[in-house]
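Here is the structure we will look at.
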Amino acid sequence: MSDMIEIRWHGRGGQGAKTASLLLADAAFMAGQYVQSFPEYGPERSGAPITAYNRISSERCSIHSNIYYPDYVAVVDETLLESVDVTSGLKEDGAIIINSEKDPKELRPYLNGYKGRVFTIAAGHISRKHLGAYFPNTPMLAAVVAVSKCVDPEEFLKNMRESYSHKFANKPQVVEGNLKCLADAMKEVRE
Amino acid sequence: MIMSKRDRLSGNEAIATAMRQINPDVFAMFPITPSTEIPQYFAQYVADGKVDTEFICVESEHSSLSACIGAEAAGCRAISATSSAGLAYMSEVLYVAASCRLPIVLAVACRALTGPININHDYSDSMSVRDSGFIQIYAENNQEAYDNYLQAHRIGETPDVRLPVMICEDGFITSHALENIELEDDDAVKAFVGEYKPENYLLKHENPLAVGPYGTSPFYMEARVAQAEAMKNAKRAILDVAADFEKTFGRKYGFFEEYKMEDAERALVIMGSSAGTAKAAVDELRENGEKVGLIKIRVFRPFPGEELAEALKNCKAVAVMDKSEGFSSMGGPLFAETASACVNLENIPKMIDIVYGLGGRDFTVDHTKRVFARLEKIVKTGETGPVYSHFGQRDLREEVQ
């Protein structure tokens, strides 16, 4: 399937990497795509490294293995760069997006010689600003959309408003905060 | 044709949705990973008043199926869900449900059995109870899990069948993966599945009956033969319900799916989500002109032996892919069934068994191609080589090439 985009998420248990992968699938689904979102669990404990995956394509994908040659990698916790080979198999014409306040070139030395594009986004900072707490997965989700264009960014924001309004029907005050997180992250993700 | 609705759900939510649409009388539950979400979603439906099911939280899987046996014997439609050790713990009462001819529907998110302890997918659990008398139907993805569930009650409740049904999905790979799905309208599902009106049941005062009495030697064998006949009858019921399902909802099902088998010289016999992955490999090899195909087993009990032999009879080499280790020292349960199904063919294909994917060990498109390469070598040399081997493990043994 030539138009398929494969994304691998690295996070730690409890940070929402799996949820981000689910939300991305939701957004792509609402844009009319075929989606897969699935987690890979290691030992079940808070803080342990976890991996989640997305496949997004215009036709249904029957492959149900993990993703070894992703187009994009999203790292929700930059401390993983020291312990997990996050760029393993990552395509050189793809990109890696890391939750970090650092400049991308400061992180390149930790990426095992990866030659492709490197982006950072201060997801924690954005989340604290608009949600008053550390929920890095929401800004990360927007950064991944901005870099990969796996969903049209404008359509993405429109669909997410609908999705959040539905999801947070009982606490509408968090809808605007989440949407601001998304909008800021799309602007602030840097190469 | 009735319009379906596009949605995106995990396998667990798809099965829970089917349960909600059917609105059974009793759901007895005890949680275990990775099937826990099924009763979790269902509990929400109960709380939201979307079903009027009696939702019973019990203290073990032995009890959850026992509660279902009681309810079903009383004339109710009863369901449960489980995985792995939960299914093993149910084992004793699975036989009771089947021999009492109670068409309970049990969703199983298939997961490895201990040990080492492991929460991920293989068929250790469902294969360990393959001889319990349950009908077993397996799914490649969330859509098939949903569709199989919609067909399960009618198959089990068919008057000359009356057997419980296991609807199996792959733990995590299907149960926890969100994918697109076509959901059917609630009313259309209710109309398709229909009401459960058993002819006889425990609490029918006009015709009271005993359920599960002692069977002395002069009676035990008759009961077992009747049960074996019921399992044979299930074959026709499965095809009848599938035909009506296709007419109603447009998706086609049978005992197994033949994928690019028309002129296939090399084939896999495989089950579940791995079949989807293997299809992508078949597509790639077909683009290079290689005559390869696969058969995805949907119905394991009753085993469609004659039909499978017919589908394999023109193959030169077949790899049977077993996702459970039976410790027979000569292959897994799918191989045993496939080989015995083919034993009376005039030209039996060369046949090997590959035990793979245990405890969630991943199986990829490239792995599938390695299996087809081995089959190519068997065709070229005429030498089968080791009949039974393992695939994907580290260190212990070299993979057979």
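The values are calculated or read from the model by the stated rules, or taken from the named source; none is laboratory data. This is a predicted model, so every value here is computed, not measured. Because the Cβ atoms are built from the backbone with ideal geometry, glycine has one as well, and the counts that use them run over all protein chains shown.
Within segment A:129-150, does at least one residue satisfy the condition of being crowded, with 21+ Cβ neighbours inside 10 Å and under 30 Å from B:ALA139 (Cα atoms)? The answer is yes; a qualifying residue exists.
Looking across segment B:379-401, the residues that are among the hydrophobic types (A, V, I, L, M, F, W, C) and either assigned by TED's automatic domain parsing to the domain that holds B:LYS323 or modelled with pLDDT of 95 or more (or both) come down to B:VAL379, B:VAL387, B:PHE391.
Figure legend. Inter-residue proximity from segment B:235-251: first residues under 13 Å from B:GLY194 (Cβ atoms), second residues in a helix (DSSP H, G or I) and of a type in the set (A, V, I, L, M), beta-carbon distance below 9 Å, spacing 6+ or different chains. Indicated pairs: B:VAL241/B:ALA152; B:VAL241/B:ILE155; B:PHE245/B:LEU150; B:THR248/B:ALA188; B:THR248/B:ALA191. Whether a residue is in a helix (DSSP H, G or I) and more than 14 Å from every other protein chain (Cβ to nearest Cβ) was assessed, and B:VAL108 does not pass this test.
Remark: B:VAL318 falls outside the filter, which requires a residue to be touching a residue at least 40 places away in the same chain (Cβ under 8 Å), buried (at least 23 other Cβ atoms within 10 Å of the Cβ), over 19 Å from the mean Cα position of the chain (by Cα) and within 14 Å of chain A (Cβ to nearest Cβ). Are any residues in segment B:25-65 of a type in the set (S, T, N, Q), assigned to a loop (DSSP other than H, G, I, E, B) and crowded, with 21+ Cβ neighbours inside 10 Å, and if so, which ones? Residues satisfying the conditions are B:SER35, B:THR53.
Checking each residue in segment A:60-78 for being away from chain B (no Cβ under 14 Å) and in contact (Cβ under 8 Å) with a residue 40 or more places away in the chain picks out A:ASP71, A:TYR72, A:VAL73, A:ALA74, A:VAL75, A:VAL76, A:ASP77.
Of all the criteria given as (1) of a type in the set (A, V, I, L, M, F, W, C); (2) surrounded by fewer than 23 Cβ atoms within 10 Å (Cβ to Cβ); (3) at pLDDT 90 or above, the one not satisfied by A:MET1 is (3). Taking the criterion of being within 11 Å of chain B (Cβ to nearest Cβ) and of a type in the set (Lys, Arg), the only residue of segment A:3-53 that qualifies is A:LYS18.
For segment A:77-88, the count of residues that are more than 27 Å from B:ASP122 (Cβ to Cβ), of a type in the set (Gly, Ala, Ser) and in a loop (DSSP other than H, G, I, E, B) is nonzero. When A:TYR164, A:TYR134 are checked against the criterion of being over 10 Å from A:CYS181 (Cα atoms), without any contact (Cβ under 8 Å) to a residue 60 or more places away in the chain, aromatic (Phe, Trp, Tyr) and touching a Lys or Arg at 6+ places or on another chain (Cβ under 7 Å), a single residue qualifies: A:TYR134. Where helices (runs of 4 or more DSSP H) fall entirely within segment B:186-296, those with at least 1 residues that are assigned by TED's automatic domain parsing to the domain that holds B:PHE134 and either crowded, with 19+ Cβ neighbours inside 10 Å or of a type in the set (Val, Ile, Thr) (or both) are at B:186-193, B:217-249.
Taken residue by residue, segment B:190-199 has at least one member that is closer than 21 Å to B:CYS76 by Cα and among the aliphatic types (A, V, I, L, M). For segment B:90-105, the criterion of a residue being more than 14 Å from every other protein chain (Cβ to nearest Cβ) and either at pLDDT below 95 or over 24 Å from B:TYR196 (Cβ atoms) (or both) is satisfied by at least one position. Among the residues of segment B:165-219, those identified as on the phi > 0 side of the Ramachandran plot and at pLDDT 95 or above are B:PHE172, B:GLY194. Listed by first and then second residue, the pairs with beta-carbon distance under 8 Å, at least 6 apart or on different chains, first residue in segment B:115-143 and at positive phi, second outside any loop (DSSP other than H, G, I, E, B), are B:GLY133/B:LEU94; B:GLY133/B:TYR95; B:GLY133/B:ALA97; B:GLY133/B:ALA98; B:GLY133/B:SER99; B:GLY133/B:GLN227; B:GLY133/B:MET231.
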